[in-house]
1. Check segment 153-165 and report whether any residue there is touching a residue at least 24 places away in the same chain (Cβ under 8 Å), surrounded by fewer than 23 Cβ atoms within 10 Å (Cβ to Cβ), in contact with a helix residue (DSSP H, G or I) (Cβ under 8 Å, 6 or more places away or on another chain) and within 18 Å of residue 43 (Cα to Cα).
2. When you scan segment 86-96, do you find a residue that is at pLDDT below 95, surrounded by fewer than 21 Cβ atoms within 10 Å (Cβ to Cβ) and in contact with a helix residue (DSSP H, G or I) (Cβ under 6 Å, 6 or more places away or on another chain), even just one?
3. What are the residues in segment 124-146 that are assigned to a helix (DSSP H, G or I) and exposed (fewer than 15 other Cβ atoms within 10 Å of the Cβ), if any?
4. Do we find that residue 155 is closer than 14 Å to residue 82 by Cα, outside any strand (DSSP E or B) and within 15 Å of the chain's Cα centre (by Cα) in this structure?
5. Within segment 103-123, how many residues are buried (at least 24 other Cβ atoms within 10 Å of the Cβ) and farther than 18 Å from residue 177 by Cα?
């Protein structure tokens, strides 16, 4: 039973000022970090969806061990990247996929392992943080992929589908091992450079 990993890294990062896949954090690019986190958490295969500045990301990022797919419709929002990634994964034997956004460097391999541990084709799961708050990583069992493909539009990704199926959503406690804050704006001291 394999659980795939999917990094959504196609956005232009308009509020940030550049694609977040090209942002350095503690010596590595966010896109490298996200791919490594999913692999270290036991996901195989790991796919990274690129879009804005995709050629530049390929030129500078060390994406060894992950498969890269392009989203030509990246400007329409995260939903299109999720659809591209799930469509690419339908050719695999994965029973589920763990989805991670590129701009969440506080997500750890242990959080990925915990969420992936509940994987089955019919399972929906999300990491739990503050009481009543769920976040990433998110696990989508294969039985749900068709529904997510249909509902992922604009910037909603899988959120609408998860809301519609909240009675089936398993919350996996991760607050003790991860921080799911995203980097929406540059913050002093958060970014550094390789080397």
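The values are calculated or read from the model by the stated rules, or taken from the named source; none is laboratory data. Because the structure is a prediction, the values reported are computed rather than measured. Every residue, glycine among them, receives a Cβ derived from its backbone with ideal geometry; neighbour counts consider all protein chains shown.
1. Scanning segment 153-165 turns up no residue that is touching a residue at least 24 places away in the same chain (Cβ under 8 Å), surrounded by fewer than 23 Cβ atoms within 10 Å (Cβ to Cβ), in contact with a helix residue (DSSP H, G or I) (Cβ under 8 Å, 6 or more places away or on another chain) and within 18 Å of residue 43 (Cα to Cα).
2. No, segment 86-96 contains no residue that is at pLDDT below 95, surrounded by fewer than 21 Cβ atoms within 10 Å (Cβ to Cβ) and in contact with a helix residue (DSSP H, G or I) (Cβ under 6 Å, 6 or more places away or on another chain).
3. If we filter segment 124-146 for residues that are assigned to a helix (DSSP H, G or I), which is where we start, we get 142-146.
Across segment 124-146, the qualifying residues are 143, 146.
4. yes
5. Total satisfying the criteria: 0.
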